[in-house]
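Worksheet: one structure, shown below.
The values are calculated or read from the model by the stated rules, or taken from the named source; none is laboratory data. Here the structure is a predicted model, which means the values were calculated and not measured. Counting neighbours? That spans all protein chains shown, and the Cβs are built from the backbone with ideal geometry, glycine included.
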């Protein structure tokens, strides 16, 4: 296994661990920072999980990274530190659950294309680039720079993206019955030809 593959694998494991920690905090499982009691019940299902000092170290590091990115905040009560998920953390978990949901495609395609158009001003170029990356990650196909298409219902995902990126009126979601020359799109998504 080469360096790039090892690094990608390490990043995937970190994301999985952080997500599990965020879910544990959201569920109220993790009571006190330092002694990570019942989080082990959730995390034991992840590959590479081992209980003990290393786990506690990984848990503290994951919580630190989550706090640094604004997904978790720490509160002190009765001399103990507690972790609490922020609104941004809840939105991130919702996005992750939608990502998993979008990976599970319906058994039958309804024959409609979901088209997302956006016109984000140049002064917000960073947001525009993050939105393009977001669209790619979720499996949308780019028709033009700011026109993306997907064959399945993704209205909830787009609404969440609008709120997350604060681009409400700059993005338009539409459903199209037909697209001219959609043969390559049908092949890309593994859909039946018309």
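Out of curiosity, is residue 185 touching a strand residue (DSSP E or B) at 6+ places or on another chain (Cβ under 8 Å), within 19 Å of residue 113 (Cβ to Cβ), assigned to a helix (DSSP H, G or I) and at pLDDT 90 or above? Yes: the conditions hold for residue 185.
Every residue, every condition in (1) surrounded by 16 or more Cβ atoms within 10 Å (Cβ to Cβ); (2) closer than 19 Å to residue 178 by Cα; (3) in contact (Cβ under 8 Å) with a residue 12 or more places away in the chain, yes or no:
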residue: 113; (1), (2), (3): yes, yes, yes
residue: 118; (1), (2), (3): yes, no, yes
residue: 125; (1), (2), (3): no, no, no
residue: 129; (1), (2), (3): no, no, no
residue: 136; (1), (2), (3): no, no, no
residue: 142; (1), (2), (3): no, yes, no
residue: 148; (1), (2), (3): yes, yes, yes
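For segment 82-104, the set of residues classified as more than 8 Å from the chain's Cα centre (by Cα), under 16 Å from residue 158 (Cβ atoms) and at pLDDT 70 or above consists of 91 only.
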